[in-house]
Amino acid sequence: MSTELEFGSLSQPESDRTHTSRRRKFLALIAGVAMLQACASTGTGRGGASTAASGESAAQERSVDPTTPSPESSGAVSSPRLPWALALGGGAARGLAHIGIIQVLEREGLVPDMVVGTSAGALVGALWASGMDAATLRAVALSFDHSTLGDWALSTRALLKGQALADFVNRHVGNRPIERFPRRFAATAVDLWSGKLVVFDRGNAGIAVRASAAVPGVFQPVQVAGREYVDGGLASPVPVRIARGMGAKRVLAVDISAKPQFQPTQSLGELLMQTINIMGEHLGQAELSEADLVLRPEVFQRSAIDFSTRPEAIYEGEKVMLASLGKWKQLLRATNQSQ
């Protein structure tokens, strides 16, 4: 069954944390869910010009067939070899494993032609696609204070606004729009009204990641052109099909999802995460079967909000990529020899 997609561009939308130990712990939990559980995969395609008015983002969208390669975005890098994509899935703090995989790929000179991401994958993918090298990406991941991403919404619809996450991303990509990235990047979200999977590949990178990571009930839905968007993982936990739709001949997919049988469900945050885990488990199986190679770092038993073991999570990504390096190189060689 093909997934109905919409492509769009993004521009900037409308824009007291207490110090008690209980609230700080809750903030860390919610920020962890929202920040790295965000879906951030971008598809190619021309979203059209976007405008901002009265604090709201505007964008033009169109439906596309995900099995049809989309036109290259202006940030694409031409290459004589056949293009391949890195598809990064969501999983909150487990998304740190993506960095270890990127470290190995960069060290081996295996740089993808496009990066698509969901949730945690959107955040990590956007930073890397912006030109940040793996060493810097690791340093940022090890040093940032995730509790600073919590901006209380005072709303009946969500706990957090999500603007702090958007600001974090934009600050680290130098406030450049997606189309100015040296590597093609796309972020997925879901249209809250229609339920369609939407792919953003132009405009404000921070807002793209924010929309991709807008876990319902945790982050406020993101408004773009009068429509509201939420976490792309609701429709595509690991965006393999979107990568194919961008023209990738080979797709390296990274699944960092938690396995439901290993997760606690006592608190509100844990219950929300378990809901996402169950949904993602069923949604992701068919789509992952369409990837050429699926990497599953040994992080599925780690808490989605545990940022205390960052080096270990990164190492798990590095370890699984090294173990599969020979197979991936062989697949790339076979693809290029078939030209």
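The values are calculated or read from the model by the stated rules, or taken from the named source; none is laboratory data. None of the values given here were measured: they were computed from a predicted structure. Counting neighbours? That spans all protein chains shown, and the Cβs are built from the backbone with ideal geometry, glycine included. What goes into the accessible areas is simple: the full protein's heavy atoms, side chains included, and nothing from ligands, DNA or RNA. Shrake-Rupley method; radii C 1.70, N 1.55, O 1.52, S 1.80 Å.
Some points to look at:
- Alpha-carbon Rg/Rh ratio, for segment 269-339, with Rh computed the Kirkwood way: 1.08
- Three-way shape call for segment 185-240 based on the alpha-carbon gyration tensor, with the a/c threshold at 1.5: rounded
- With every protein chain in place, segment 171-299: carbon and sulfur % of accessible area (1.4 Å): 52
- Here segment 311-339 is scanned for amide nitrogen atoms under 15 Å from the site 7 Å beyond the Cα of L293 along Cα-to-Cβ, giving 317-337.
- Convex hull volume of the Cα atoms of segment 104-202, normalised per residue: 110 Å³.
- Accessible solvent surface per residue of segment 203-321, calculated while the other protein chains remain in place, 1.4 angstrom probe, Å²: 36
- Across segment 227-232, computed HN-Hα scalar couplings (Karplus, 6.51 cos²θ - 1.76 cosθ + 1.60, θ = phi - 60°) run 10, 10, 10, 10, 2, x Hz from first to last residue, x flagging Gly and Pro.
- Intensity falloff of segment 183-339 expressed as log10 I(q)/I(0), Debye formula with alpha-carbon point scatterers, at q = 0.09, 0.10, 0.14, 0.15 Å⁻¹: -0.34, -0.42, -0.83, -0.95
- Accessible area (Å², per residue) of segment 124-188, counting only protein heavy atoms and a probe of 1.4 Å: 39
- Linear extension gain, S267 paired with R81, 0.36 nm per residue minus alpha-carbon span: 62.0 nm
- Using a probe of 1.4 Å, the accessible surface attributed to R296 totals some 120 Å² when neighbouring protein chains are kept in position.
- Rounded if a/c under 1.5, otherwise prolate or oblate - segment 137-179, Cα gyration tensor axes: oblate
- Between T335 and W152, the C-beta separation translates, for a Förster distance of 56 Å, into a calculated FRET efficiency of about 0.70.
- Hz values of 3J(HN,Hα) by residue in segment 145-158 - Karplus curve (6.51, -1.76, 1.60), Gly and Pro given as x: 9, 5, 5, 6, 7, x, 10, 4, 8, 6, 10, 7, 9, 7
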